Amino acid sequence: MTNCFISRDENRKPETGNRKPLIIILLLALLVQGGCGPGSPGPVVVFCSPDSPRLQQAVQVVCVPEFGADAGERLRQVRRQAPRLLVALGTPALRQVAPLEKHTPVVFALVGNPYFTGAAYFPDHPEDHQENVTGLATPPPLTAALKQGAGLLGGGPWGLLYDPNDGVAVELARRFGQEAPAHGIRPLTEASAAAAGDGPGLERLLAQGARVIYLPPAPSAARYAPRLLEAGRRQKVMVVSGYPEGDHNGAVLWLAVDYRRLGEEAGALARRVLSGEAPKNIPIVESAPLQVQVDESLLRRWSGYPPTK
C-alpha cells in the first residue's frame, strides 16, 4: 500500500464540549498504488465529518483546514476539482455528498445506517443503491455486546442511559429494548438530555436493580463515560462498554468497532473502484470488525456476585 501523504497535523486540538461537528476535507493516504503521483487524472478526496478519534483510527491523512457551516460550498469546491473518487466518512458527510454527486464514484464508510441518506434504499436489497455510490455499513455492535456480555456476566436487569437528543443513542436504546430479552436480559433505560442529569439517571438505573450497565457507542455517552467507568472500578456496578474512544478501564467487557481494520477495508474497496469496477455493481456490505477485551482482574473480583444470602 503506497502512501502519497503520511502525515497528520499533530497541533490540531481535539473537539470538546458542545461545538457542532466539523466537516473536514481530507486527502486520503491509504488508497492507491501509484495513483497519487504526477499524471493522475484527478485527486482522491475524502469528505468526512466529524474529525473524530474514530476517523483518526480509520485513515492516515493530511487534513486541510476545518470548516463548518459552509460545508455545501466546500463540497462544491471539491467537485470542481473533478476528483477520481470521493470517499465519504461518516453519516453527515454521506448526507452531504449523495444528493449532490451523481457521477463521480463515491465510497462511504463509518456510516451506521446508509438507508436514510439517499445513497441506499432498502436494507433487504444492499445491491440496490445510487449507481455511483457503494460502501460499508457499520451499525453499532450492540447485538454482539449483549450476546457476549450475557454469556460472560449472565442476564437479569441491565441498564442503559441515553440522550433523547442524540439520534445514535435513541436508536441504540430502541434496539437494546428489543434485543435484550432474547439473551435473558431485562432491559432498563433512563433518559438524560444534559450532563446535569447523567448522574441522577445512572443512580435511577442502580435503584431499579441494574446489575450491569451498558455504555453505548453514542456521541453523548462521552459525557458520562468517566463517571460510569469509575463506578465500575469501585464495583458499584458491572460495566459492558461499546464506547470505542478513550480509556475503558472499569469495564468488565469492552467490545467496540475496530476502526483501523474498518479503514483498511474501506481502502480496499476504494482501490477496487479506482481500478475500474463500477460502484453500481458492488453491493453495500455490512462490516463491523470488532476489538474485544475482558478485564480478567475485575471479572475475578466480581466472581462472587451476587453475594450469597
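Laboratory data are not the source of any read-out in this text; all were calculated from the coordinates shown. The structure displayed is predicted, hence computed values, not measured ones. In this analysis, Cβ positions are derived from the backbone assuming ideal geometry, glycine residues included, and neighbour counts consider all displayed protein chains.
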Discussion item. Need one number: nm distance between label points at residue 152 and residue 222, each 7 Å from Cα along Cα→Cβ, rounded to one decimal.
Written reply: 2.4
Response to the item:
Taking a crude spin-label model, label points 7 Å out from Cα along the C-beta direction, the residue 165 to residue 81 distance in nm is 3.5
Discussion item. Using Cβ counts within 10 Å as a stand-in for footprinting exposure, how do 192, 275 rank, fewest first?
Written reply: 275, 192
Discussion item. Quick check on region 142-241: what are the equivalent-ellipsoid semi-axes from the Cα gyration tensor, as sqrt(5λ), descending, whole Å?
Written reply: 19, 16, 11
Worksheet item: In percent, what relative contact order does region 100-160 have, based on Cα pairs under 8 Å that are 6 or more apart in sequence?
Response: 35
